[in-house]
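Notes follow the structure.
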Amino acid sequence: MVASIIIIAFSVVLFAYWFRYSCILILRTRTSVDYATHVAKASSLAVLEIQRLLEGSADELDLSAFRSALEEDYLIVNQLLSKAPMVEEHLSSVEQIMLRIDFRMMSIWDSVSRTCLGGPSRVAVAEIASIVGCLANAAGSAGVLSVES
């Protein structure tokens, strides 16, 4: 009985590690052309400005406002992805599902951080921004801008 519990616990930990590592690899993958910039400008997304501010500033930032803006951007990007032709060629459905789950996990972590640690998590907000940027890039590379025009 104890051995089974240890094996199950170890398996869960390994799965969580694999999932996080896979999401990070997906987010670090770059395309030869940055379509996220074009999609962000065409759709008035705040994600690029938020990423720039998070990377360049150690000052106190309004992470709550960033999180709200990223939630709105996420909804817009998901709508764009649903309209994008051949999005599967640029970001597989499994990768999309993994990034959506990671988005929810980071949102939960940010909420827990606010409640238990007294403030939002800069790391969680930065990863949420990366996820939105990655999905915007996939939408752009799949030709969503030509569909909207």
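Derivation of every value follows stated rules applied to the coordinates shown; laboratory data play no part. Remember, it's a predicted structure, so these values are computed and weren't measured experimentally. We place every Cβ from the backbone using ideal geometry, glycine too, and count neighbours over all the protein chains shown.
What is the Cα centroid distance between segment 4-44 and segment 59-103, reported in whole angstrom?
12 Å
Computed from the coordinates I sent, semi-axes √(5λ) of the Cα gyration tensor in Å equals one of (1) 29, 22, 12; (2) 40, 19, 13; (3) 36, 17, 15. Tell me the label.
Read-out from the structure maps to (1).
What's the ranking of 116-126, 60-70 by average number of surrounding C-beta atoms within 10 Å, highest first?
So the peptides 116-126, 60-70, ranked by packing, come out 60-70, 116-126.
What's the extension gain from Ile97 to Ile6 if we count 0.36 nm per residue and subtract their Cα-Cα distance?
Result: 29.9 nm gained on full extension.
Rounded to two decimals, what is the ratio between the C-alpha radius of gyration of segment 1-59 and 2.2 N^0.38 Å?
Compactness ratio reported: 1.85.
When the chain is modelled as a GNM with alpha-carbon springs shorter than 10 Å, which of Asp73, Asp34, Asp59 fluctuates the most?
Of Asp73, Asp34, Asp59, the most mobile in the Gaussian network model is Asp59.
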